[in-house]
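Heads up, the thing below is written out as structure tokens.
The values are calculated or read from the model by the stated rules, or taken from the named source; none is laboratory data. Bear in mind that the values here come from a model prediction, so they are computed numbers and not experimental data. Neighbour counts are summed over all protein chains in view; Cβ atoms, including those assigned to glycine, are modelled from backbone coordinates with ideal geometry. Just the protein is used for accessible areas: all its heavy atoms, side chains included, with ligands, DNA and RNA removed. Shrake-Rupley method; radii C 1.70, N 1.55, O 1.52, S 1.80 Å.
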Amino acid sequence: LYPVIRNREYSFLLIHDPYVLSILREIESLGDEQIPGYELLVRNHLSSIILWIFRKYNVIENIREPSEVSVRVERMLTFMADHYMEDIQVKQIADYAHVSVRECYRAFRTELDSSPMEYLHQYRLKKAADLLVGTELKVAEIAKQCGYSPTRYFSTRFKKSYLCSPTEYRKANT
């Protein structure tokens, strides 16, 4: 799996192949039935899908060393993951990777098709969604822990991304 995971070209594979979809349906039915040894069958089916991906996309031939830009972006993403709960600015993100603010924006656009701040908001909202489902914390506390000081702004961003309020999300997912 490492060649697929490391290569950004395969970050978002959309697979509509009938063969793969039939395997996924089989995996789903095995999970529902849970006959003895079903885990081994599921593993075998997943291996078939991985083999299909390797062959379809010539993964082995497309393995490349990470570019300097992708290494910088990985460094910036690490900084964001470590500091998402703080009030951070693009300058701090850029400084962490030893690049200019302009290069930070360019690298994010090239590698992630996003701006650094938009990525940060999505990361924070994902963390908040996890906390809404996995804890009993109040929405205001979750907003604060995820780097949003005005709870109202957090609720607005959350609703825009998840199409429901944080409270509605919690009720629907717990």
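Would you confirm, using the coordinates I've provided, whether T174 is more than 30 Å from I15 (Cβ to Cβ), at pLDDT below 90 and open to solvent by less than 70 Å² (accessible area, probe 1.4 Å)?
So T174 does not fit the description; no.
Do we find a residue being within 16 Å of Y153 (Cα to Cα), free of Cβ contacts under 8 Å to residues at least 40 places away in the same chain and open to solvent by 20 Å² or more (accessible area, probe 1.4 Å) anywhere in the stretch 98-116? Explain how you work it out, then say what you get.
In the first step, residues of the stretch 98-116 are kept if they are within 16 Å of Y153 (Cα to Cα); the result is none.
No, the conditions are met nowhere in the stretch 98-116.
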With respect to the numbered conditions (1) modelled with pLDDT of 75 or more; (2) under 23 Å from the mean Cα position of the chain (by Cα); (3) farther than 18 Å from L112 by Cβ; (4) assigned to a helix (DSSP H, G or I), which one is the sole condition not fulfilled by M85?
(4)
Would you check which residues across the stretch 141-158 are surrounded by 15 or more Cβ atoms within 10 Å (Cβ to Cβ) and of a type outside the set (S, T, Y) and list them?
I142, A143, K144, Q145, C146, G147, F154, R157, F158
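Working only within the stretch 156-174, note down all residues that are assigned to a loop (DSSP other than H, G, I, E, B) and among the hydrophobic types (A, V, I, L, M, F, W, C).
Filtering the stretch 156-174 for residues assigned to a loop (DSSP other than H, G, I, E, B) gives 163-165, 174.
Correct list: L163, C164.
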Where the second residue is of a type in the set (V, I, T) and surrounded by fewer than 14 Cβ atoms within 10 Å (Cβ to Cβ) and the first is closer than 15 Å to L132 by Cα and free of Cβ contacts under 8 Å to residues at least 60 places away in the same chain and lies in the stretch 145-174, which pairs have Cβ atoms under 6 Å and are six or more apart or on separate chains?
N173/V133; T174/V133
What helices (runs of 4 or more DSSP H) completely inside the stretch 1-82 contain at least 1 residues that are at pLDDT 90 or above and not β-branched (V, I, T)?
18-33, 38-56
